[in-house]
Amino acid sequence: MAEQKTATKKTTTRKAAAAKTKEADHLDAPLFDSAGSRQGEVRLPKLIFAEQVNTPVMHQAFVRQTNNARQGTASTKTRATISGGGAKPYRQKGTGRARHGSTREPSMKGGAVVLGPHPRSYAQRMPKQMRRLALRSALSQKANEGRVRVIDGFAIEEPKTSVAVGLMEAIGFDDTTLVVLPAPNFVVSRSFENLAGTKIILARNLNIRDLFTHTYLLLAKDCLELLEENFGKPTRPKGIAQESAEKEAG
């Protein structure tokens, strides 16, 4: 029995160590310079990229964003709003057809629409903390899959698509990529905007839909602090009991 307990403890310890190693691995993202050369690795913020992935919240945030983008301008006319219909279309008897009293009836050609769409708002509300949780979950999922790259900076002197193409090829992107900048940069934006499957976005405007529709994430190094500030977990004020306990412990 003692040997079995010892073996169980060893197995548990190994699993815990493997879990810690896996977490450490996915938080270490490849770092590249402005020319696309590998410069080692950079540690991603644990507060953002080590969140437990919450699929239901991500789905809710995605549906909310897509619904909020809908215009809701589809409209049809009812019998009260359609024109015509003042006179009986044909006599009541003798034609062999159904009885009709107005051309505005839904069964008539050019008539009204029954239960058709009307202008409405599809907007959905979602608490801020849930939206931030969805973003942290999506970013953590990208890190778990090894699809996050960090670049030290963009040394592009004038807008040139060829420079952007060379940079993407040097880093090794083979699919759609979301490039995140800390602040607006006209030269970088103009260089990347003609690349199919590549989108430029600011760190403060990061959203769940762009994360879902792009395979890779290329972060400027200066964006890491901004992500922590904008999407990190809020710090709750300490209560009186907690403060007194800390004082006694100190």
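The values are calculated or read from the model by the stated rules, or taken from the named source; none is laboratory data. Remember, predicted model here, so these are calculated numbers, not experimental data. Every residue, glycine among them, receives a Cβ derived from its backbone with ideal geometry; neighbour counts consider all protein chains shown. Ligands, DNA and RNA are excluded from the accessible area calculation, which covers all protein heavy atoms including side chains. Shrake-Rupley method; radii C 1.70, N 1.55, O 1.52, S 1.80 Å.
Values for this structure:
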{"quantity": "Part-to-part distance (alpha-carbon centres) for segment 207-236 and segment 89-165, which is given in Å", "calculated": "25"}
{"quantity": "Volume per residue that the Cα convex hull of segment 40-154 spans, once the total is divided by residue count, Å³", "calculated": "201"}
{"quantity": "Segment 84-94 - phi-based ³J(HN,Hα) in whole Hz, Karplus 6.51/-1.76/1.60, Gly and Pro as x", "calculated": "x, x, x, 10, 5, x, 7, 5, 5, 10, x"}
{"quantity": "Solvent exposure, largest accessible area first (probe 1.4 Å, DNA, RNA and ligands not counted), of VAL163, VAL188", "calculated": "VAL163, VAL188"}
{"quantity": "Cα-Cα separations in segment 150-212 greater than 13 Å, expressed as whole percent", "calculated": "62"}
{"quantity": "Peptides 145-156, 122-133, 82-93 ordered by average Cβ neighbours within 10 Å, highest first", "calculated": "145-156, 122-133, 82-93"}
{"quantity": "Shape category assigned to segment 87-245 from the gyration tensor of Cα positions, a/c cut at 1.5", "calculated": "oblate"}
{"quantity": "Around ALA123: net Lys/Arg minus Asp/Glu count, Cβ-Cβ under 9 Å", "calculated": "+3"}
{"quantity": "Förster radius 35 Å - calculated FRET efficiency between THR176 and ARG99, Cβ distance, rounded to 0.05", "calculated": "0.05"}
